[in-house]
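Asker: Got a structure for you, written out below as structure tokens; questions coming shortly.
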Amino acid sequence: MDSIEMPRVSRRSFVIGAAAAGTGLAIGLKLPPFGPDVVRAADGSPEVTAWVVIKPDDTVVIRIARSEMGQGTLTGLAQMVAEELECDWSKVTTEYPTPGQSVKRKRAWGDFSTGGSRGIRNSHDYVRKGGAAARMMLVQAAADAWKVPVAECSAANSMVTHNPSGRKVSYGKVAEAAARLTPPKDVPLKDPKDWKIIGKPVKRLDTVDKLTGKQVYGFDLKLPGMLNAAIMECPVFGGKVKSFDAAKVSGRKGVKKVLPVGDSAVAVVADTWWQAKTALDALPIVWDEGPNAKVSSASIAEINKAGLDADQAFVGNKAGDAKGALAGAAKKVEAVYAYPFQNHAPMEPMNATAKYTADKCEVWVPTQNGEAAFAATLAASGLPADKCEVYKIHLGGGFGRRGAFHDYVTQAVRIAKQMPGVPVKLLWSREEDMRQGRFHPVTQCKLVGGFDASNNFTGLHMRISGQSILASVRPQAMKDGMDPATFQGLAPSGEFEFGYKGIPNYLIDHAMRNPHVPPGFWRGVNINQNAIYIECFMDELAAAAKQDPLEFRRKLMAKNPKHLAVLNAVAERAGWGKPAPKGVFRGLAQMKAFDSYVAACAEVSVSGGNKVKIHRIICATDPGHAVNPAQIERQIAGSFVYGLSALFEQECTVKNGRIEQENFNTYGSMKIAQMPKVESIVMPSGGFWGGVGEPTICVAAPAVLNAMAAAMGGKRIRSFPLKNHGITLV
Amino acid sequence: MAKLNINGKVHDVDVEPGMPLLWAIREYAGLTGTKYGCGVAQCGSCTVHVDGAPVRSCVLPVSAAEGKKITTIEGLAVNGVLTKVQKAWLDHEVPQCGYCQSGIIMAVTALLNSKPKPTDADIDGAITNICRCGTFQQVREAIHAAAKA
């Protein structure tokens, strides 16, 4: 291992950054007394591998590259490393390596991106190897000290034992020597049947500080000499600042500066954020609203509607001859669904803190992707990578808003650049957060199903029309003009494999229509509305065929046994086929999302034609391996809050080119009184790694909608949210 | 200049009287456990106790809190000993991201003070906080556990 040095950060700011992050940013500080070939934590403790630091008192510090935003990945990843390290779980702590260090060390910690439910499933191999290699080095170091063959030694519970003699030594005592060894090349991993920490519902490592107010979020950061900024960007996307009258507010108490941020935003910097915010509210700003100032939800909907019957469309999945089958059908069923723009609305609005000087730019930010925040810092500061650093702060929710987008980092750096040497904390108001989202894309879907004269389901055409995320956010990921992410849950194979490959003829295609409203990945994103489209239509088809919805699906799922297994699991638990309590109706849905198989059964009653009560949800997931079943259950329960809030209450409407909703009073979110009882079935079948944070959201809405239709005598609602139809969740 | 009694300590804060209590707590007293989530009394992240009653501090003017006893999340545990609500939260692992939990814990603490054995309906009526991670199932379990403790 090469010795490395900290980037040029003053000791003082280093310590501040470390304190703000809540853990020691304990990386690579070269301290001469310990010799040249060991990478050191800030306190001098040796790094055994990039993933593992062991202190003399046996404390194990596990490096976590992904971001914790509530989903539990910090604990799950620590379990993965600890399993192979054979360490004492009670001695485990964690810390985030910084993106700047990652760049210096050729991405020693791999990908920092925490989205797409990838935190564990995309890094399980190399983080476990990081733990296993460290264990092998610790055992080797002990064997060397004892001058015994390494094969005679074993490791458990942070101790190395020489088996023939019974001699023992703790990890903390041999870590220094272990860190000097060459890491092994061949690093075998345990058989899953031997796991002791993975698969167990161990307690989260990050709970206590969240109960006492001690946990520091980006909003809470304090740095010496720090000022606070409030910002407003042109509410019409693509618009610019024409002028602002700084003199009107610059004399207000605490106000330090009124300044442009890029060409589309204005910020006020003041001693406190309240001073900055109230001054910004009073600041006259004239916008050049640009070419989109006349766009409305209705005009976008018209364009998407036209796409439903357009000739050109990208084919995402097909089998047989769907158009031929439908042309020859004895009976056809047709339905059009529509899904709105939605905001992520994490509880903590967007924010970032930046400090800029001519030879250093530092950013403190709650981010789902430290490397992307780092890239934004480089671009906005104009400084090279060795003069930039990003410190990740705990997130008050992310849901995708803080992953692919770092507009708030760009803004914070642009502000700090105009006030060199002064740390500036930029906080968005909730209103700014609602207006400047990266919205769940807007689509419509027309589905046509055909039956032959014998009532056999013969063909399906599913035409999606509307917005592509990748065209806007990651155009390099497009495939010959097609956005594969549009087809989540409908794909021919892979992590979003379609579950009804038994349909003899099907065609699933996308007429891309991109409005000016910026789209984003949104906890699950397209799987959510795709699940509504296909799963509600499955019930419509079953009703048209006068068949039971479960039996109808089963006949189409012979090629999808794992999809079917989770569906069967919820049906069995719910007592499908047996009578429900009086007035209660059931609905089903299944999907494959982020490589996990998920299904739900909802039990619902509807009173007065518009008041929906959800009595019970049963939700099953097969994520391959269940790293922490207790946290998976929490993600499942929480996903129904997220998914049903979206279904019942959430829509961002567009008027005059801008988003109309500005706060939770017009963009509602479920309360505890509406929360149904969620029963989880975690049924890992092994052999693959599926995601957890997002997949189960997608079955929430269609299961409830199918139960509602059953309760309402077959009446279907096909545009969302349900509040637009006067329907409320009680 | 306003005098605010927060967690038993008097803070002299030089603010305009119309400023919401939330910002006096966060930016003048330096207690950041109380969160900003909406600024319009919708989400409850800013909930504190004023003379024992739960209030949404983002819309309560500082002037209305003068001379009263304000308790924030930092004022619950005494000498690091968690309250029964905090203990139940720990045992049931309620928080996910945790940002809204200060406000929920304050609302629940006030509920249990006035109603030591709340029914589910009591909980539904009293706890109207927003949690985007969706911790409500654990919140309900933990409330009942705290009530039994």
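The values are calculated or read from the model by the stated rules, or taken from the named source; none is laboratory data. Given the structure is predicted, the values throughout are model-derived calculations rather than measurements. Virtual Cβ from ideal backbone geometry, glycine too; neighbours counted across all protein chains shown.
Asker: Scan the stretch A:606-633 for residues that are within 15 Å of residue A:674 (Cα to Cα) and among the β-branched types (Val, Ile, Thr) and report the count.
Answerer: 4
Asker: Of these, A:230, A:247, which one is in contact with a strand residue (DSSP E or B) (Cβ under 7 Å, 6 or more places away or on another chain) and either over 28 Å from residue B:82 (Cα atoms) or in the same structural domain as residue A:78 (by TED's automatic domain parsing) (or both)?
Answerer: After ruling out the rest, the residue left standing is A:230.
Asker: Out of everything in the stretch A:245-285 that is among the basic types (Lys, Arg) and over 16 Å from residue A:419 (Cβ atoms), what residue ends up being surrounded by the most Cβ atoms within 10 Å (Cβ to Cβ)?
Answerer: A:277
Asker: If you don't mind, another one. Can we say residue B:52 is small (Gly, Ala, Ser) and modelled with pLDDT of 95 or more?
Answerer: For residue B:52, the condition - small (Gly, Ala, Ser) and modelled with pLDDT of 95 or more - is met.
Asker: In the stretch B:85-104, is there at least one residue being acidic (Asp, Glu), closer than 16 Å to residue B:28 by Cβ and either buried (at least 24 other Cβ atoms within 10 Å of the Cβ) or modelled with pLDDT of 95 or more (or both)?
Answerer: No, because not a single residue in the stretch B:85-104 is acidic (Asp, Glu), closer than 16 Å to residue B:28 by Cβ and either buried (at least 24 other Cβ atoms within 10 Å of the Cβ) or modelled with pLDDT of 95 or more (or both).
Asker: Same structure, new question: Restricting to the stretch B:128-149, name every residue that is facing chain A (nearest Cβ under 9 Å) and either free of Cβ contacts under 8 Å to residues at least 24 places away in the same chain or closer than 20 Å to residue A:668 by Cβ (or both).
Answerer: B:128, B:129, B:130, B:131, B:132, B:133, B:134, B:135, B:136, B:137, B:139, B:140, listed by residue number.
Asker: I'd like to check something: does the stretch B:119-127 contain any residue that is surrounded by fewer than 19 Cβ atoms within 10 Å (Cβ to Cβ), more than 22 Å from residue A:667 (Cα to Cα), in contact with a helix residue (DSSP H, G or I) (Cβ under 6 Å, 6 or more places away or on another chain) and more than 9 Å from chain A (Cβ to nearest Cβ)?
Answerer: no
Asker: Of all residues in the stretch A:193-213, count the ones that are within 17 Å of residue A:94 (Cα to Cα), part of a loop (DSSP other than H, G, I, E, B) and more than 7 Å from chain B (Cβ to nearest Cβ).
Answerer: So the answer is 5.
Asker: Can you go through A:58, A:37 and tell me which one is assigned to a loop (DSSP other than H, G, I, E, B), at pLDDT 95 or above and surrounded by fewer than 24 Cβ atoms within 10 Å (Cβ to Cβ)?
Answerer: Every option except A:58 fails the conditions.
Asker: Which count do you get for residues in the stretch A:439-462 that are crowded, with 19+ Cβ neighbours inside 10 Å, in contact with a Ser or Thr (Cβ under 9 Å, 6 or more places away or on another chain) and not β-branched (Val, Ile, Thr)?
Answerer: Final tally of qualifying residues: 7.
To keep it simple, each residue is scored yes or no on (1) out of contact with any Pro (no Cβ under 7 Å at 6 or more places or on another chain); (2) at pLDDT below 95; (3) farther than 27 Å from residue A:56 by Cβ; (4) surrounded by fewer than 20 Cβ atoms within 10 Å (Cβ to Cβ).
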residue	(1), (2), (3), (4)
A:176	no, no, no, yes
A:180	yes, no, no, yes
A:193	yes, no, yes, yes
A:197	yes, no, no, no
A:200	yes, no, yes, yes
A:204	yes, no, no, no
A:219	yes, no, yes, no
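Asker: Follow-up question, since we're still on this one. Consider residue A:132 carefully, then state whether it is modelled with pLDDT of 95 or more, of a type in the set (Gly, Ala, Ser) and not in a strand (DSSP E or B).
Answerer: Against the criterion (modelled with pLDDT of 95 or more, of a type in the set (Gly, Ala, Ser) and not in a strand (DSSP E or B)), residue A:132 qualifies.
Asker: Sticking with this one: Under the condition of being in contact with an Asp or Glu (Cβ under 8 Å, 6 or more places away or on another chain) and under 16 Å from residue A:528 (Cα atoms), which residue from the stretch A:617-651 is farthest from the other protein chains (Cβ to nearest Cβ)?
Answerer: Once the filter is applied, the top-ranked residue is A:619.
Asker: Shifting gears a bit: When both residues are 6+ apart or on different chains and their Cβ atoms are under 6 Å apart, which pairs have a first residue that lies in the stretch A:619-633 and is assigned by TED's automatic domain parsing to the domain that holds residue A:692 and farther than 15 Å from residue B:96 by Cα, and a second that is outside any loop (DSSP other than H, G, I, E, B) and of a type in the set (S, T, N, Q)?
Answerer: From residues that are assigned by TED's automatic domain parsing to the domain that holds residue A:692 and farther than 15 Å from residue B:96 by Cα, the pairs are A:619/A:680; A:621/A:596; A:623/A:596; A:627/A:79.
Okay, residues lined up against (1) touching a helix residue (DSSP H, G or I) at 6+ places or on another chain (Cβ under 6 Å); (2) among the polar types (S, T, N, Q); (3) over 18 Å from residue A:85 (Cβ atoms):
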residue: A:145; (1), (2), (3): no, no, yes
residue: A:161; (1), (2), (3): no, yes, no
residue: A:173; (1), (2), (3): no, no, no
residue: A:183; (1), (2), (3): yes, no, no
residue: A:212; (1), (2), (3): no, yes, yes
residue: A:224; (1), (2), (3): no, no, yes
residue: A:242; (1), (2), (3): no, no, yes
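Asker: I would also like to ask the following. Quick one: what pairs do we get from the stretch A:273-294, first residue within 18 Å of residue A:430 (Cα to Cα) and in a helix (DSSP H, G or I), second at pLDDT 95 or above and of a type in the set (Ser, Thr, Tyr), C-beta under 7 Å, 6+ apart or different chains?
Answerer: Correct list of pairs: A:277/A:429.
Asker: Restricting the first residue to the stretch B:113-127 and requiring it to be within 17 Å of residue A:674 (Cβ to Cβ), which pairs with a second residue that is of a type in the set (Phe, Trp, Tyr) meet a Cβ separation below 9 Å and a spacing of at least six or different chains?
Answerer: Every condition considered, the pairs that remain are B:127/B:136.
Asker: For the stretch A:217-266, give me the residue count where each residue is part of a strand (DSSP E or B) and within 29 Å of the chain's Cα centre (by Cα).
Answerer: Summing the residues that are part of a strand (DSSP E or B) and within 29 Å of the chain's Cα centre (by Cα) in the stretch A:217-266 gives 9.
Asker: Regarding the stretch A:340-348, can at least one residue be identified that is more than 30 Å from residue A:396 (Cα to Cα) and of a type outside the set (Ser, Thr, Tyr)?
Answerer: Checked the stretch A:340-348: no residue is more than 30 Å from residue A:396 (Cα to Cα) and of a type outside the set (Ser, Thr, Tyr).
Asker: What strands (runs of 3 or more DSSP E), lying completely within the stretch A:388-457, carry at least 2 residues that are within 14 Å of chain B (Cβ to nearest Cβ)?
Answerer: A:424-427
Asker: Let me ask something additional. Yes or no: residue A:329 in a loop (DSSP other than H, G, I, E, B) and of a type outside the set (Asp, Glu)?
Answerer: yes
Asker: Please verify whether the stretch B:86-105 includes one or more residues that are more than 23 Å from residue B:134 (Cα to Cα), hydrophobic (A, V, I, L, M, F, W, C) and out of contact with any Ser or Thr (no Cβ under 8 Å at 6 or more places or on another chain).
Answerer: Looking for residues that are more than 23 Å from residue B:134 (Cα to Cα), hydrophobic (A, V, I, L, M, F, W, C) and out of contact with any Ser or Thr (no Cβ under 8 Å at 6 or more places or on another chain), one finds none in the stretch B:86-105, hence no.
Asker: What are the residue pairs meeting all of these: first residue in the stretch A:85-100, first residue in the same structural domain as residue A:384 (by TED's automatic domain parsing), second residue of a type in the set (Ser, Thr, Tyr) and part of a helix (DSSP H, G or I), Cβ atoms under 9 Å, and 6 or more apart or on different chains?
Answerer: Cβ pairs passing all conditions: none.
Asker: Residue A:688 versus (1) surrounded by fewer than 24 Cβ atoms within 10 Å (Cβ to Cβ); (2) at the interface with another protein chain (Cβ under 10 Å from one of its Cβ atoms); (3) touching a residue at least 12 places away in the same chain (Cβ under 8 Å): which is the lone unmet condition?
Answerer: (2)
Asker: Then there's this: Counting only residues that are at pLDDT 95 or above and not charged (D, E, K, R), which one in the stretch B:1-18 is farthest from residue A:228 (Cα to Cα)?
Answerer: B:8
Asker: Return yes when residue A:338 is closer than 29 Å to residue A:494 by Cβ, away from every other protein chain (no Cβ under 14 Å) and at pLDDT 95 or above and no when it is not.
Answerer: The answer is yes for residue A:338.
Asker: Filter the stretch B:52-75 down to residues that are closer than 14 Å to residue B:10 by Cα and either not charged (D, E, K, R) or not assigned by TED's automatic domain parsing to the domain that holds residue B:10 (or both), then give me how many there are.
Answerer: Going through the stretch B:52-75 one residue at a time, the tally reaches 7.
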